[in-house]
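What follows is a short report on a single structure.
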Amino acid sequence: MGSNGVAPRPLMDLENRYQFRGPKWSPDGRQIVYLRNKFGTSESSIETRSISDGATTILLAEPGLLDFWWTQDGRLIYSQAAASADSTFDLWELGINSKTLRAIGEPRRLTRWVGHSPGFVSISADGKRIVTTAGYTQSDVYVAELEANGRKLKPERRLTLDARSDWPGGWAKGGKEILFSSDRNGSFNVFKQFASSQEPQLLIGGKENARSPQISPDGQWLVYMQWSDRQHSVPVRIMRAPQSGGLGQTVLEAHGAFASGVTFSATGEQDTEMKEARGFPDFRCPSSPAASCIVAEADQDSVIFTQFDPIHGRGSEVARLQASPSKFFWDLSPDGLRIAYGQYGSRSGEHVTILSLSDHTNREVPLNPWTNLSSVSWSAAGRDLFITTSRREGSDLLHVPLDGKVDVLRQLTGRWFGISRPSPDDAQLAFGLRTLDSNVWLIETK
């Protein structure tokens with residue numbers, strides 16, 4: 001469009017199966033440059049699109065590209081997640097001929113950070129100096145007592161004391177122990193821990209990633225997801241094991257565009273480390289023994305809900321919603337009859353929708369003036385919701401009855417709520433908190 005906003009025209013259509021970062025101008029102002037990542041894979045490329053004729057050129061195609069900057073002196077600076085090492089991120093530079101749009105020479109590594117990822121970058125006008133942030137993200141499980149029918153929260157206590165990624169999945173039978181997944185051993189394993197203890201018990205170990213531990217409706221099984229590492233595109237499997245842990249058995253394999261597994265940040269960006277709590281496929285098991293567990297599988301622009309039984313496997317489809325999977329969040333009611341769901345940054349006004357699985361009617365729970373909703377969880381009684389928000393500066397934890405009257409339980413700066421899980425008696429609330437520590441670095445190039 002013109003500088004005063006007149007005569008706008010479309011440049012390109014964005015495919016739903018990709019995440020796009022950018023656009024940015026090329027140094028000569030003749031090209032739009034953007035980064036394209038394929039959801040559910042490490043496939044990525046930095047591409048240009050001509051303003052004059054729409055021609056597209058791939059500048060660089062490498063796995064795990066995260067962001068890029070094209071300097072005035074013709075160098076492409078880009079960040080990349082290394083495929084050969086866990087949590088290793090690098091900054092690289094590559095010369096680009098602005099006329100032919102071809103690479104000049106070989107890429108040169110500028111940094112190598114293990115356990116930290118490059119973040120915001122600013123480059124000086126002459127391209128000689130780079131200022132960047134290198135950050136480290138971790139998440140922990142906290143637990144706090146609920147008061148006044150869930151409308152107040154006592155001071156929380158940190159349950160997991162490591163410096164890795166820990167996320168609550170549910171509560172063990174009896175409501176005394178919290179089930180959670182953690183990558184403290186390298187890959188994600190399943191643990192349980194008393195809310196009053198500091199000693200976790202390993203339930204599901206091994207090199208495969210075990211996530212989202214929950215108890216089956218009949219109270220007999222530990223149900224969880226098993227993901228492969230990010231180097232292998234095999235379907236996610238929902239597994240069952242004895243409540244005391246041990247050898248798991250396959251219940252079903254996931255379907256859909258994200259069958260090999262993908263996690264997203266609260267704002268909808270693909271998480272290259274696969275460490276976030278929200279993703280696809282996903283599942284929930286209700287507490288009612290008369291109800292079925294539900295698995296959520298996603299195509300490019302829809303989410304499909306299907307019943308399953310921990311013994312007999314996949315059942316019938318119960319609902320299909322048009323939605324952007326990368327920004328979609330949901331939870332199943334304890335009686336297994338309703339799904340609460342929403343989308344981060346919804347354009348139709350901030351709200352959570354309650355879908356009845358018996359008659360497929362919808363009911364909206366308005367959240368105005370609250371925005372940037374990022375997760376929803378049912379209370380154990382099924383009469384209230386716990387909803388979180390996510391903003392650049394922090395997040396909120398809200399208690400919301402179905403009439404939409406909001407009670408603010410917590411407002412945080414510099415920390416972000418993940419999924420929350422109430423105890424079976426609604427006396428306690430377990431929740432994940434994500435933190436980010438980062439420093440600013442100056443890099444002088446030659």
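The values are calculated or read from the model by the stated rules, or taken from the named source; none is laboratory data. All of these numbers come straight from a predicted model, not from anything done at the bench. Cβ placement follows ideal geometry from the backbone for every residue including glycine, while neighbour counts extend to all protein chains displayed.
For every residue, the table says whether it meets (1) more than 27 Å from L179 (Cα to Cα); (2) of a type outside the set (S, T, N, Q).
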site	(1), (2)
L321	yes, yes
P334	no, yes
Q343	no, no
E364	yes, yes
W416	no, yes
D425	no, yes
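Would you point out which residue out of V190, V236 is modelled with pLDDT of 95 or more, over 27 Å from P424 (Cα atoms) and touching a strand residue (DSSP E or B) at 6+ places or on another chain (Cβ under 8 Å)?
Going through V190, V236 in turn, the sole match is V236.
Could you please give the count of residues in the stretch 285-299 that are touching a Phe, Trp or Tyr at 6+ places or on another chain (Cβ under 8 Å), touching a residue at least 60 places away in the same chain (Cβ under 8 Å) and not small (G, A, S)?
1
Residue-by-condition table, conditions (1) within 26 Å of W171 (Cα to Cα); (2) touching a residue at least 60 places away in the same chain (Cβ under 8 Å):
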| residue | (1), (2) |
| --- | --- |
| D309 | yes, no |
| H312 | yes, no |
| W330 | yes, no |
| G336 | yes, yes |
| D359 | no, no |
| V365 | no, no |
| N368 | no, no |
| D384 | yes, yes |
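Quick test for you: out of A296, A290, A277, pick the one residue that is of a type outside the set (D, E), surrounded by fewer than 22 Cβ atoms within 10 Å (Cβ to Cβ), within 30 Å of D426 (Cβ to Cβ) and modelled with pLDDT of 90 or more.
A290
List pairs: first residue in the stretch 40-55 and in contact (Cβ under 8 Å) with a residue 24 or more places away in the chain, second residue in a loop (DSSP other than H, G, I, E, B) and of a type in the set (G, A, S) anywhere in the structure, Cβ distance under 6 angstrom, at least six positions apart or on different chains.
Pairs that qualify, where the first residue is in contact (Cβ under 8 Å) with a residue 24 or more places away in the chain and the partner is in a loop (DSSP other than H, G, I, E, B) and of a type in the set (G, A, S), are G40/S260; S42/G64.
Return the total of residues in the stretch 99-125 being at pLDDT below 90 and either part of a loop (DSSP other than H, G, I, E, B) or touching a Ser or Thr at 6+ places or on another chain (Cβ under 6 Å) (or both).
10
Scan the stretch 216-224 and give yes if some residue there is in a strand (DSSP E or B), assigned by TED's automatic domain parsing to the domain that holds S375 and within 21 Å of the chain's Cα centre (by Cα), otherwise no.
yes
Quick one: F120 ticks every box in (1) of a type in the set (A, V, I, L, M, F, W, C); (2) farther than 16 Å from D425 by Cα; (3) in the same structural domain as G432 (by TED's automatic domain parsing) except a single one, so which number is it?
(3)
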